[in-house]
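Here's the structure, in structure tokens; my notes come after.
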Amino acid sequence: MTTASEILDRARERAPGLPYAGAVTPQEAYTLLLSAPNIRLIDVRTNAERDWIGRVSIPAAQHAAVQWSTYPGGVQNPHFAAELATVAQPDDVLLFLCRSGVRSRHAAKLATENGFPNSFDILEGFEGDKDADGHRKTVGGWCKAGLPWVGA
């Protein structure tokens with residue numbers, strides 16, 4: 001069985017020179033969440049995305065929602081760092097999740113800049129990229145990996 005330390009080492013190797021600690025696959029993120037109490041999933045999608053698309057199904061103590069951008073409008077949340085500080089500690093390992101893995105990278109970078117050095121991007125996000133028919137949840141991501149989630 002792979003240890004949390006081994007997963008985090010691999011995650012750091014995926015991100016040489018990036019402005020955050022590293023990147024984990026959805027399955028690695030889930031394994032990490034099962035392994036230690038100071039590992040938190042931070043869902044940076046909008047409230048609308050979580051309400052209409054779905055959300056991870058893990059114990060509440062292991063995750064929090066901090067919107068990277070607002071809906072409607074898509075404007076970056078100016079209070080992101082302050083809101084993050086209310087749900088996480090600087091020594092926590094933070095795993096940032098968005099729809100497809102773009103906003104989560106920005107969130108991990110900003111978190112790192114604001115005193116959260118153990119910030120990781122979850123590759124592929126919750127829904128993954130669109131397939132040839134324009135649908136999500138079929139190419140990659142938390143849902144495609146078969147990890148626990150609940151629909152809207």
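From Gly128, Gly115, grab the single residue that is assigned to a loop (DSSP other than H, G, I, E, B), crowded, with 22+ Cβ neighbours inside 10 Å and in contact (Cβ under 8 Å) with a residue 12 or more places away in the chain.
Numbers: Gly115 fails: crowded, with 22+ Cβ neighbours inside 10 Å.
Just one listed residue meets the conditions, Gly128.
Can you tell me which residues in segment 6-17 are part of a helix (DSSP H, G or I) and exposed (fewer than 11 other Cβ atoms within 10 Å of the Cβ)? Lay out the reasoning, then the answer.
Pass one, segment 6-17, residues part of a helix (DSSP H, G or I): 6-13.
Correct list: Glu13 only.
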Problem set entry | Subset tally (residues that are part of a loop (DSSP other than H, G, I, E, B), farther than 23 Å from Leu33 by Cα and among the aliphatic types (A, V, I, L, M)) for segment 75-95 | 1
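In this structure, does Tyr71 turn out to be touching a residue at least 12 places away in the same chain (Cβ under 8 Å), in contact with a strand residue (DSSP E or B) (Cβ under 6 Å, 6 or more places away or on another chain) and among the hydroxyl-bearing types (Ser, Thr, Tyr)? First the steps, then the outcome.
Numbers: touching a residue at least 12 places away in the same chain (Cβ under 8 Å): yes; in contact with a strand residue (DSSP E or B) (Cβ under 6 Å, 6 or more places away or on another chain): no; among the hydroxyl-bearing types (Ser, Thr, Tyr): yes.
The answer is no for Tyr71.
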Exercise. Is there any pair with a first residue in segment 82-111 that is among the charged types (D, E, K, R) and a second that is in a helix (DSSP H, G or I) whose Cβ atoms are under 8 Å apart and which are 6 or more apart or on different chains, and what are they?
Worked result: Arg99/Glu49
Seminar exercise, completed: Note on segment 36-57: residues at pLDDT 95 or above and either β-branched (Val, Ile, Thr) or assigned to a loop (DSSP other than H, G, I, E, B) (or both) are Ile39, Ile42, Val44, Arg45, Thr46, Val56, Ser57
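The values are calculated or read from the model by the stated rules, or taken from the named source; none is laboratory data. The model shown is predicted, which means the values in this text are computed figures rather than measured ones. Using ideal geometry, Cβ is built from the backbone for each residue, glycine included, and neighbour counts are taken over all protein chains shown.
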